[in-house]
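What follows is one structure encoded as structure tokens, with my remarks underneath.
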Amino acid sequence: AQSVAQPEDQVNVAEGNPLTVKCTYSVSGNPYLFWYVQYPNRGLQFLLKYITGDNLVKGSYGFEAEFNKSQTSFHLKKPSALVSDSALYFCAVRDLKGGATNKLIFGTGTLLAVQP
Amino acid sequence: DAGVTQSPTHLIKTRGQQVTLRCSPKSGHDTVSWYQQALGQGPQFIFQYYEEEERQRGNFPDRFSGHQFPNYSSELNVNALLLGDSALYLCASSRQGAANTGELFFGEGSRLTVL
């Protein structure tokens, strides 16, 4: 079965420092991987996706993610964190089983706290 | 370009009652998926509708049902509410076929509290 794991419940980083939010995946076949962000009491906003191609994927708000097949990881990164990046981040993988399209399986989320 | 819209944003019900949540997909989208996000957890897939039919259902009981209308909007109905149904219910839309970009577009959600 397809799954993703986010090993950290919370990541703390100082403003201006680089940040990494970790995600590992378990899939059969080629993975379709996504990152979403959720601000308090809001819906999910799409950040970026990996379907195929370059292992370094660039997304919204200066975020990028590195796909690593050998380590089955898809970590989210940003060179310089902003206080406004503080939010809940979800990694997700597309589940290809069944009749639904774009069905996503989400991780448990990582709370990113950026201190000024 | 209107995004995904959901109503109501918040509602409170008591155990045993029934609730209907509504969703209008992003302009140009024809597929609607519903997710349940319990407090402190990631969203869980409930079901997906396309061409007014349920395409796939997640691990949710029959108390959860849905509908899609000809204009692609959708409803989620939950009967015989339990305390454990308290959650944020998210609607997401996408497109089928060659226009499918792969990602889901989410609404702001409907926060259901069951007392």
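No lab work stands behind these numbers, since they all come straight from the coordinates. Just so you know, these numbers come straight off a predicted model, no measurement behind them. Heads up, the Cβs are rebuilt from the backbone with ideal geometry, glycines too, and the neighbour counts pull from every protein chain shown.
Just a few scattered comments:
- The stretch A:41-79-the stretch B:80-115 distance, computed between alpha-carbon centres (Å): 22 Å
- Table column - 3J(HN,Hα) (Hz), the stretch B:29-37, Karplus curve with 6.51, -1.76, 1.60, x for Gly and Pro: 8, 10, 10, 10, 10, 10, 10, 10, 10
- Note on the stretch A:43-95: Cα-only Rg and Dmax are 11.6, 33 Å.
- Considering the protein assembly as shown, its Cα convex hull presents a mean projected area of 12.8 nm².
- Scanning residues 5 or more positions from B:GLY109 or on other chains, those with amide H under 5 Å from its amide H are B:GLN6, B:CYS91, with H placed 1.01 Å from N in the peptide plane.
- Relative to the Cα centre, the charge distribution of chain B, modelled as +1 at Lys and Arg Cβ and -1 at Asp and Glu Cβ, gives a dipole magnitude of about 380 debye.
- With kT/(6 pi eta Rh) evaluated at 20 °C and eta = 1.002 mPa s, and Rh the Kirkwood radius from Cα pairs, the stretch A:3-115 diffuses with a coefficient of 151 µm²/s according to Stokes-Einstein.
- Sequentially through the stretch A:5-20, phi angles give Karplus couplings (6.51, -1.76, 1.60; θ = phi - 60°) of 10, 10, x, 10, 6, 9, 10, 10, 8, 7, 4, x, 7, x, 10, 9 Hz, Gly and Pro residues having no value and appearing as x.
- Size of the stretch B:64-115 from its Cα atoms: along the principal axes, largest to smallest, the extents are 44, 21, 13 Å.
- Using only side-chain charges placed at the Cβ, +1 for Lys and Arg and -1 for Asp and Glu, the dipole size of the protein assembly as shown relative to its Cα centre rounds to 200 debye.
- Within chain B, the proportion of C-alpha pairs whose separation exceeds 23 Å stands at 23%.
- Dipole of the stretch B:5-114 computed with +1 at Lys/Arg Cβ and -1 at Asp/Glu Cβ about the Cα centre; of B:TYR49, B:GLN17, B:SER33, farthest Cα towards the positive end is B:GLN17.
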